[in-house]
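Chemist: To start, I am sharing the structure in question, which I have written as structure tokens.
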Amino acid sequence: MDSFELNKIIAAILMVALIVIGLGKLADGVFHVKKPKNPGYQVEVENQLTSNISQAAAVIEKIDISAIMALGDVASGGKIFKKCAACHSIKKGGKNKIGPALYNVVGRAVGDVDDYKYSKALASYGKEWTFGELNGFLQKPASYLKGTKMSYAGLRKEKERASVIKYLNQNSDSPKLLP
């Protein structure tokens, strides 16, 4: 191979490199992207907990809890509660599992089990577990009280919720009167 052939090969490689670099510069000029001063997004957070509590209270007022509670029965509530038993105990003096023990839960203050670490949303909720509160929470915990650690999808059917609530009420030292 003579030196003229070698010069053509080197020239071709240099020409390709110059074309690639030139096209990159041309593309940057045509498609100029303005870079922000601070990378990332600024998220404005208002006091969500207060708005969540007011939304939850508004939902409870619209629901006729006595009509819903009339649908359920304790026996089927025990069967449905088996879904909950993976994370919660219902026995008197039962230990906390992934979730808190639920014995005596109806009428108890929300976030009131001493040896369980609640999410900030539940710990600062400031209400008690009434039939209406339990109904709303069991329907879809994550949307009823934003920020809860409970990742359960919820019980969609009113009859199932009413049955579980009646079962929880029966597992108490002093069951509450049904609405």
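Chemist: Which fully enclosed helices (runs of 4 or more DSSP H) of region 104-179 have 2 or more residues being of a type in the set (D, E, K, R)? Give the derivation first.
Modeler: On the way: elements: 120-123, 131-139, 141-144, 158-170.
So the answer is 158-170.
Chemist: Going through region 128-154 one residue at a time, which ones are surrounded by fewer than 21 Cβ atoms within 10 Å (Cβ to Cβ), among the acidic types (Asp, Glu) and within 19 Å of Ile80 (Cβ to Cβ)?
Modeler: Answer for region 128-154, where residues must be surrounded by fewer than 21 Cβ atoms within 10 Å (Cβ to Cβ), among the acidic types (Asp, Glu) and within 19 Å of Ile80 (Cβ to Cβ): there is none.
Chemist: Follow-up question, since we're still on this one. Sort out which residues of region 82-102 are under 19 Å from Lys176 (Cα atoms) and within 24 Å of the chain's Cα centre (by Cα), and write them in order of number.
Modeler: Matches in region 82-102: Ile90, Ala101, Leu102.
Chemist: Please enumerate the residues belonging to region 84-120 that are within 18 Å of Ala142 (Cα to Cα) and surrounded by 13 or more Cβ atoms within 10 Å (Cβ to Cβ).
Modeler: Hits for region 84-120 are Cys84, Cys87, His88, Gly99, Pro100, Val110, Gly111, Tyr118, Ser119.
Chemist: Mind checking which residues of region 169-179 are touching a helix residue (DSSP H, G or I) at 6+ places or on another chain (Cβ under 7 Å) and crowded, with 21+ Cβ neighbours inside 10 Å? Give the derivation first.
Modeler: Applying the first criterion (touching a helix residue (DSSP H, G or I) at 6+ places or on another chain (Cβ under 7 Å)) to region 169-179 yields 170, 175-176, 178-179.
Once the filter is applied, which keeps residues that are touching a helix residue (DSSP H, G or I) at 6+ places or on another chain (Cβ under 7 Å) and crowded, with 21+ Cβ neighbours inside 10 Å, region 169-179 yields nothing.
Chemist: Test of understanding: among Ala67, Ala121, Ala58, Ala101, which residue is at pLDDT 90 or above and either touching a Gly at 6+ places or on another chain (Cβ under 9 Å) or over 21 Å from Lys149 (Cβ atoms) (or both)?
Modeler: On the way: Ala67 fails: at pLDDT 90 or above; Ala121 fails: at pLDDT 90 or above; Ala58 fails: at pLDDT 90 or above.
Testing whether each residue is at pLDDT 90 or above and either touching a Gly at 6+ places or on another chain (Cβ under 9 Å) or over 21 Å from Lys149 (Cβ atoms) (or both) leaves just Ala101.
Chemist: Condition first: over 16 Å from Val106 (Cβ atoms), of a type outside the set (Ser, Thr, Tyr) and in contact with a helix residue (DSSP H, G or I) (Cβ under 7 Å, 6 or more places away or on another chain). Now tell me which residues in region 135-154 satisfy that. Before you say what the answer is, go through the steps one by one.
Modeler: First, the residues of region 135-154 that are over 16 Å from Val106 (Cβ atoms): 139-154.
Still in the running and of a type outside the set (Ser, Thr, Tyr): 139-142, 145-147, 149-150, 153-154.
Across region 135-154, the qualifying residues are Gln139, Leu145, Lys146, Gly147, Met150, Gly154.
Chemist: Oh, and also: Can you tell me which condition Ala109 does not meet? The list is (1) modelled with pLDDT of 90 or more; (2) within 11 Å of Ile165 (Cα to Cα), and all the others hold.
Modeler: The failed condition is (2).
Chemist: List the pairs whose first member sits in region 127-152 and is closer than 18 Å to Tyr167 by Cα and in contact (Cβ under 8 Å) with a residue 40 or more places away in the chain, whose second member is among the charged types (D, E, K, R) and in a loop (DSSP other than H, G, I, E, B), and whose Cβ atoms are under 7 Å apart, counting only residues at least 6 apart or on separate chains?
Modeler: Correct list of pairs: Glu133/Lys127.
The values are calculated or read from the model by the stated rules, or taken from the named source; none is laboratory data. This structure is a prediction, so every number in the text was calculated from the model and none was measured. Backbone-built Cβ (ideal geometry, glycine too); neighbour counts: all protein chains shown.
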